[in-house]
1. If you go through the range 87-95 one residue at a time, do you hit one that is within 18 Å of the chain's Cα centre (by Cα), buried (at least 16 other Cβ atoms within 10 Å of the Cβ) and more than 18 Å from residue 146 (Cα to Cα)?
2. Might you let me know whether the range 89-107 holds any residue that is farther than 29 Å from residue 182 by Cα and modelled with pLDDT under 95?
3. State whether the residues of the range 118-133 include one that is within 22 Å of residue 51 (Cα to Cα) and out of contact with any helix residue (DSSP H, G or I) (no Cβ under 9 Å at 6 or more places or on another chain).
4. Can you pull out every residue in the range 70-89 that is in contact with a strand residue (DSSP E or B) (Cβ under 6 Å, 6 or more places away or on another chain) and assigned to a strand (DSSP E or B)?
5. Given the range 97-185, what helices (runs of 4 or more DSSP H) lie entirely inside it while holding 1 or more residues that are surrounded by 15 or more Cβ atoms within 10 Å (Cβ to Cβ), within 21 Å of the chain's Cα centre (by Cα) and in contact (Cβ under 8 Å) with a residue 60 or more places away in the chain?
6. Residues of the range 39-68 being out of contact with any strand residue (DSSP E or B) (no Cβ under 6 Å at 6 or more places or on another chain), surrounded by fewer than 17 Cβ atoms within 10 Å (Cβ to Cβ) and in a strand (DSSP E or B), which ones?
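The values are calculated or read from the model by the stated rules, or taken from the named source; none is laboratory data. Values in this document were obtained by computation on a predicted structure and should not be read as measured data. Cβ coordinates were reconstructed from backbone atoms using ideal geometry, including for glycine residues, and neighbour counts include every protein chain displayed.
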């Protein structure tokens, strides 16, 4: 205490500090992203089981989720839309036999894919992932089936979640009728 101050002139720091801390906690808890998912996280995307916990980590907070089939000949696609914004796209695509997940990533990626797993079978980044299926071969057309997940509109950058998603999605594709039929074309 300054010798010229009286006890009543002493600054009151504790309540001001507590008030500031309380306001920071209150404000940080109010962002839209922190409010959570007011929808049910899908366990499948267009009938393909996926790691829903990994999916939840890249989906934004919101009120409504919609999953739409966006397939066309030779490619099965699906879109995950939250509150009218496209967040995740999945694709199953046939590619010339002998290619790699790195080749597919290089030809399909939006940005640099900088991570790899299982000796290159999976290529992924914070919001894109590519997987080469095992045993899904169209011998007539000499093609192999690949799995793709892209989430460029997600504000959550989660490479570990993308890896878990592509692994679960690729395994589901391997167990699908598309794989078993060898494209059936």
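1. Of the residues in the range 87-95, the ones within 18 Å of the chain's Cα centre (by Cα) are 87-92.
Pick out the ones that are also buried (at least 16 other Cβ atoms within 10 Å of the Cβ) and you get 87-92.
So of that shortlist, the ones also more than 18 Å from residue 146 (Cα to Cα) come out as 87.
Yes; the residues of the range 87-95 include at least one that is within 18 Å of the chain's Cα centre (by Cα), buried (at least 16 other Cβ atoms within 10 Å of the Cβ) and more than 18 Å from residue 146 (Cα to Cα).
2. So in the range 89-107, the residues farther than 29 Å from residue 182 by Cα come out as none.
Checking the range 89-107: not a single residue is farther than 29 Å from residue 182 by Cα and modelled with pLDDT under 95.
3. If we filter the range 118-133 for residues that are within 22 Å of residue 51 (Cα to Cα), which is where we start, we get 118-133.
If we keep only those that are out of contact with any helix residue (DSSP H, G or I) (no Cβ under 9 Å at 6 or more places or on another chain) too, we end up with 119.
So far as the range 118-133 goes, yes, one or more of its residues are within 22 Å of residue 51 (Cα to Cα) and out of contact with any helix residue (DSSP H, G or I) (no Cβ under 9 Å at 6 or more places or on another chain).
4. Residues satisfying the conditions are 75, 76, 77, 78, 79, 80, 81, 82, 86, 87, 88, 89.
5. On the way: elements: 101-108, 159-174, 177-181.
Fully inside the range 97-185 and qualifying: 159-174.
6. Within the range 39-68, 44, 49 meet the criteria.
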